Each structure stands twice: as C-alpha cells, then as structure tokens.
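So the structure is just underneath, and the comments pick up after that.
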Amino acid sequence: MGNLYDTILSLCNDKGIRPGRLCDELGLSRGLMTDLKMERKKTVNAQTAQKIAAYFGVSVGYLLGEEESRDVLEEVDIAFYGDFRELSQEDKETVREMVRLMRSRREKKD
C-alpha cells in the first residue's frame, strides 16, 4: 500500500489545487491532511476515501495504493468496447465526463 498523503498530493498537483482546497470543497477537516502528512493517520474511512476518489475521478483502490491504474473509467471503455472504439477521442472524453457527472450527482444525493 502506498502513502495516501503522497497520492492525494500528486492528484492535487495534477489538478492544480492544494490539499486545503480539496478539504474545503469536500467538507473535510484540513487537519486530516496534516495527520496524513505527519503519518499520524495512515488511511481514511470508506466514505472519505470515496469522496476523494470521486473528486479526482479515480478508483478508491488507486487512491489507497491497491491498484496501479488511476482511471476509474476504464470500465466504460470495456463495457462499450465495440461501439466505444469507434468514437473519436473527443467523444470518448465526453462519455467519460458524463459518467463523472453522474457519479458526482449520486455522491451529492448520498
């Protein structure tokens, strides 16, 4: 299992935000990031992991260092393989973005 803080920091850097902003946007304590950074905590609860993973569009397994692939939407590619491979890159990204949006809406309902 990888270091959770380093994974989150890398995802934040990729998105061009700081961990504090992530916490603010998800309603998490900034102290959580400090605890992870200082290794007072090694992991987070399932609900928090799901929120963070959904925010970045990665799987919980990737977030927790249990999976190498960071693209939670590979399953979309596989599920629609026959038709999906016929789409342009732009259309593929549109489909992926729609899945991200639906997951985000579901998160807000829960």
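The values are calculated or read from the model by the stated rules, or taken from the named source; none is laboratory data. Not measured: the values here are computed from a predicted model. Every residue, glycine among them, receives a Cβ derived from its backbone with ideal geometry; neighbour counts consider all protein chains shown. Side chains included, ligands, DNA and RNA excluded: accessible areas come from the protein's heavy atoms. Shrake-Rupley method; radii C 1.70, N 1.55, O 1.52, S 1.80 Å.
Residues that are at pLDDT 75 or above and open to solvent by less than 60 Å² (accessible area, probe 1.4 Å): does region 69-87 have at least one? So that I can check it myself, show each step before the final result.
Taking region 69-87 and keeping what is at pLDDT 75 or above, we get none.
Checked region 69-87: no residue is at pLDDT 75 or above and open to solvent by less than 60 Å² (accessible area, probe 1.4 Å).
Taking into account only those residues within region 1-51 that are in a loop (DSSP other than H, G, I, E, B) and among the aliphatic types (A, V, I, L, M), which is surrounded by the most Cβ atoms within 10 Å (Cβ to Cβ)?
Val44
Condition check: modelled with pLDDT under 90, closer than 25 Å to Met102 by Cα and of a type in the set (Gly, Ala, Ser). Does Gly57 satisfy that?
So Gly57 passes the test.
Looking at Leu101, is it modelled with pLDDT of 75 or more and open to solvent by less than 50 Å² (accessible area, probe 1.4 Å)? If you could, list the steps in order and put the result at the bottom.
Numbers: modelled with pLDDT of 75 or more: yes; open to solvent by less than 50 Å² (accessible area, probe 1.4 Å): no.
So Leu101 does not fit the description; no.
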